[in-house]
Amino acid sequence: MSRTENRIIRKRLANAYLSSVVSISLVLLLVGVGSMLLVNTKSVSDYFKENMTVSVMMKPEVSEADAMAFTEQLDTMDFVHSTEFVSRERGEAEMVKMLGEDFLKVFETSPIPVSVNLTLNADFVSPEAVKAVEKRLMEGFDVVDEVVYQQSLIDTLNANLSKISLVIAIFIALLMFISYVLIGNTMRLGFYDKRFTVHTMKLVGATRAFIRGPFLARAALMGLFSGFIAILMLLGVLFFVKTQFVQLFEIFRLEMLLLVMGIVLVAGVVICVLSTYLVVNRLVSLGKDELYY
């Protein structure tokens, strides 16, 4: 075989391995994005729950000083995530904006009480927990006149978040299956031209384990290398999200990123090795006549 032919063969092999690495890396990038969503499902759920507002309306005779003192008490309670004091003037301005400037003219005194808008910790955002919070506020503080929240919103929020978690889990399962199929096909195409070499090794008495060894080692390295490339691309995606969607980026728990990186690397190695194992076993099992089909 001439040098030119050897060079052409080496170039084709290099292109085949490069295309395999690129294909596997792109698939693992999808695995990484899906895993990032999965491990941050609770963070996303908590974010939506902790942005639901509960309004605590004060009795008409309660002064702003007393309401401010009540707000400070609320900040120390276990179910409170954040509080926002709403003065009578601010409440009037909001009502005028909603109902028009003539709204207050029909009243001799302002009907708008001072109030406190609070958000609850995520663990307390459920129909039963919110009712318990309402009871604690109504029975524990004389200044409270009414606790206002949307019961239907709480029910819908909890139901939809449960559905979202299920959808993400199903998405990850489908993604892993698709990854296995795509990477398996890539590995099969990459090793199919080795079938004659495998057949020759089998004829001289090589065991299946001996034949599989080099292929599995190469597959593990390819999966590891592809995983590193996928991680770099994932970091690029996260950097883009951080620059373009700051609020969305704040939901993610970055300490989980190491776990996601581990998932990507393990997925790359396991899927490549498993696919190669199955492909090589098939090649070893081929008869002489089947090598040409």
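Within the assembled protein chains, the solvent-accessible surface assigned to Glu89 is about 120 Å², based on a 1.4 Å probe. Counted by Cβ distance under 12 Å from Val125, the other residues give a net charge of -3, where Lys and Arg count +1 and Asp and Glu count -1. A simple packing score, the average count of other Cβ atoms within 10 Å per residue, orders the peptides 112-125, 256-269 as 112-125, 256-269, with the highest score first.
Each peptide in 76-84, 26-34 receives the mean, over its residues, of other Cβ atoms within 10 Å, and ordering these scores from highest gives 26-34, 76-84.
The values are calculated or read from the model by the stated rules, or taken from the named source; none is laboratory data. This is a predicted model, so every value here is computed, not measured. No Cβ is skipped: glycine too gets one built from the backbone with ideal geometry, and neighbour counts run over all protein chains shown. Accessible surface areas use protein heavy atoms only, side chains included; no ligands, DNA or RNA. Shrake-Rupley method; radii C 1.70, N 1.55, O 1.52, S 1.80 Å.
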